Amino acid sequence: MKLRDVFGGDFRQFGMIFALAALVLFFQVYTGGLVLTPVNMMNLLNGNAYVLVLAIGMVLVIIAGHIDLSVGSVAAFAGLVTALAMRDWGVPPWLAVLLCLATGVAIGAWQGFWVAHVGVPAFVVTLAGMMLFRGANQWLGESNTVPVPPLIQYLGGGYLPEVGPHTGYNNLTLLIGLAAILCVVAGALRARRSTLRLGGQVIPASALGIRLVLLSLVIACATYLYATGRPGTSLPMPGLVLFALVLLYTFIAGRTVFGRHVYAVGGNAQAALLSGVDTRRVNFMVIMNMSVLASLAGLMFVGRATASGPFDGMNWELDAISAVFIGGAAVSGGVGTVIGSVVGGLVMAVLNNGLQLMGVGADMTQVIKGLVLLMAVAFDVYNKSHGRPSIIGLILRGGKPAQAPGAERAKTPEPVEKPRRHGDRVQTVFWWGVAVVLAVALVLVFRAGGRKGSGLAGEKSEAGFAAGSMIGISLPQKSSENWVLAERLFKNGLKESGYRFEVQFANGGVPEQQNQIQAMLAKEAKVLVVGAIDGSQLGSQLRDAKGDGARIIAYDRLLLNTPDVDYYVAYDNFKVGELQGNALLEGLERRQGKPPWNIELFAGSPDDANSPVFFNGAMSVLEPRIKDGTLVVQSGQTTFAQAATPGWKAENAQKRMDTLLAGTYSKKELDGVLSPNDTLARAILTSVKAAGRDLPVVTGQDSEVESVKSILRGEQYATINKDTAALVEHAIVMVNDLQRGRIPEINDDRSYDNGVKIVPAYLLEPQIVTLDNIHQAYANDPTLHRIVNPGK
Ligand code: BGC
């Protein structure tokens, strides 16, 4: 018996499975056993199931020779429709789920029509779809976050319930694991019997036996991990949905006429057509199917995030496409498998997860993932062009570089694919190596131990927790200097206090922040300090954190619609808005002569919980003056939704200002602009300068270096001083209090209602800075002091 019999000679397929196993093992060892734990395994499934669902649809699209760039936008749009239907249109959750899928069908029919019946390349149709449905999403949702009810949350992040007798395990998970093993074994035996009956060739019984034992062991280990997590957790629902889809689509792709037609069309459309395949129908169906699965993915995501948000689905198409190509599909179509793509997606997911557990930053993780994608496909392409099966070919040579193609051919006159004796030996050694690696992995899994007792964590946190424990700091994108500064200050402060810590930025958006928080929990963080990208979309992670006994402090931005936030530490956001409104009025009086004055309003990113608060604070000052005619907003854009700046992106503010100047203000003077922070203030000033217009009075916030210089030059009028050092220091004081079992000091217990509870807050006082007080304001800030007092 050869090991290749055991694993089936298809190296292409198995190569990736072993790459996955090797990655898991590597990270398991490197992180001291954090990968193969119940909590992390649940995170892996919860945090990636929606991308894997997309990959399942995408592989069919790619096999058929197309690509779908619209899936992220379609997912976001369908998720939003579902959320709105339940919140605003009175649709019950079960009907909303159907509505979500129906949205997918409708969008799929639309895109399928253009591809299959008009013949527009799918690349173009779905590129258009990407814009169309992103725009529709932002228009319909007014760029806001829309919460979803518990049933949908359950679908996207819930666990199988506890039923039956108390066994110390989650019984349903055990049952599913058992059923999976039985199915695998029975299916294999049946297939073998029918092949024999038809006179086909089968692998030796012993090889099949070993294969089945190994597969069963892997399933048993996974079952064990999922059944022994914290009470109340088990196999996550998204995992269940994913497994069902993998089974269904493996069947469709491999066993149905339609599946064969998809391969035929992708392999050679002309030949398929001539042999009677309805290529139009095939193309229509794969595109349609993709949109339906994208809608399902959107639904799963809003469930997990507990709300739909304006940036959902960003770049998901790229994740799905990478999964499919890593999983061995060919760019030219005709080749690929559902399992391969899911494994490809898991390779990326494990890489992400492992790097996060190691504390590698989001930026480096991105670099590494990019390289892995390129390498995986490059090896594949290279090996194929040299007649070798795949990436595994390289490993088979013990990592030695391949010989030059010419030399190889000269030495090996027979076709390379033909197995050679030496090659066989090397392969056998390789497979044994792999088996040993797997066995070690299994031992490590079982060392992870059983279900931990309940309640312990809660008791501990009341009495504080061990000094030197893990503290997780989760920050949003680096959208302004204060966040970058906070990173450094947190690292220094926590180190000084003797904690282990992890400080992460989520430049990749909400899903990345969710995964980072889960990774911090896997490292047993006792306190999470969270500056959320979207305060409404971390509900499931915070619930898990609470379940694990961690304490949660919202930092700078409030966490919304969740009971699972303990404290809030921030500068008083409403006050920031008021100060900006007053500064704008003061600047207008000083610089722009007599009223009425023309002004425009800019607000922050709609997903940031602070943004509406700033805006309302400013409007509490400005609105009465708009009403009495002192101020005129010539564009008429006075609502938060109209003024918002998605993602706090300078380019978005600059574009909006360009348009206002070219349109509304082509023949009018613009006297003032309310800008919610410095980055946007400078973008607004850049736009005005580029248009060659007089500078209006512009406010700002954060005391960024370039804005302080701009104020000194007499350009930007004002900024807000929110000393980041003081804010970080206070957050660490709270952490220390919690560690010692003390109740942290708060100074506000009524202002910050997060939709579920009033969050006890410690608010710091912001300060407005103009040329008048710039010297005093920064007297104690080493960097800014030097800037306002050059030469001192
Ligand atoms: C912070 C601001 C900052 C903005 C963009 C807000 O949540 O409070 O200080 O300018 O995010 O990063």
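Summing charges over neighbours of residue 493, with a neighbour being any other residue whose Cβ is under 13 Å away from its Cβ, gives 0 when K and R count +1 and D and E count -1. Dividing the convex hull volume of the alpha-carbon atoms in region 52-177 by its residue count gives 136 Å³ per residue. Here the Debye sum runs over all C-alpha atoms of region 172-236 as equal scatterers in vacuum, and log10 of I(q)/I(0) at q = 0.14, 0.18, 0.20 Å⁻¹ comes out as -0.50, -0.69, -0.78.
Working note: Debye formula, equal point scatterers on the alpha-carbon atoms of the chain, no solvent; log10 I(q)/I(0) at q = 0.06, 0.07, 0.08 Å⁻¹ is -0.44, -0.59, -0.75. Neighbours of residue 590 by Cβ distance under 15 Å: Lys/Arg scored +1, Asp/Glu scored -1, total -4.
Distance distribution P(r), region 112-156, all Cα-Cα pairs, bin width 10 angstrom from 0: 24, 28, 28, 19, 1 percent. Long hydrophobic helices in the chain: the complete DSSP H runs spanning 30 Å or more by Cα along their own axis with mean Kyte-Doolittle hydropathy of at least 1.0 are 38-63, 171-197, 205-227, 279-305, 421-447.
Cross-link pairs exceeding 24 Å between alpha carbons, from the set 495/649; 575/757; 491/722: 495/649.
Once the convex hull of all Cα atoms in region 565-719 is built, its volume per residue stands at 107 Å³. Solvent-accessible area per residue in region 681-792 equals 46 Å², computed with a 1.4 angstrom probe and all protein chains kept.
As a fraction of the 1.4 Å probe accessible area of the chain, surface on carbon and sulfur atoms comes out at 62 percent. Computed extension length for residue 256-residue 786: 183.5 nm, one decimal, from 0.36 nm per residue of separation with the Cα-Cα distance subtracted.
The residues of region 171-248 expose, per residue, 52 Å² of accessible area to a 1.4 Å probe. Under Stokes-Einstein, with the Kirkwood radius over Cα pairs as Rh, the value for region 689-788 at 10 °C and 1.306 mPa s is 99 µm²/s.
Note: relative contact order over region 611-768, using C-alpha pairs below 8 Å and six or more positions apart, is 14 percent. Contact order, relative form, for the chain: 15 percent (alpha carbon pairs under 8 Å, 6 or more residues apart, mean separation divided by residue count). On a per residue basis, region 64-163 carries 41 Å² of accessible surface, using protein heavy atoms and a 1.4 Å probe. Please check the chain for the longest run free of GluC sites (Glu not before Pro) that are loop-located per DSSP (anything but H, G, I, E, B) and have at most 14 other Cβ atoms within 10 Å. Excluding the exposed sites themselves, the longest stretch runs over 143-416. Directionally averaged projected area (region 628-746, Cα convex hull): 10.2 nm².
The values are calculated or read from the model by the stated rules, or taken from the named source; none is laboratory data. Since we're looking at a predicted model, the values are computed, not measured. When we count neighbours, we look across all protein chains shown, and the Cβ atoms used for this are built from the backbone with ideal geometry, even at glycine. Note: accessible area is taken over every heavy atom of the protein model, side chains too, but ligands, DNA and RNA are not part of it. Shrake-Rupley method; radii C 1.70, N 1.55, O 1.52, S 1.80 Å.
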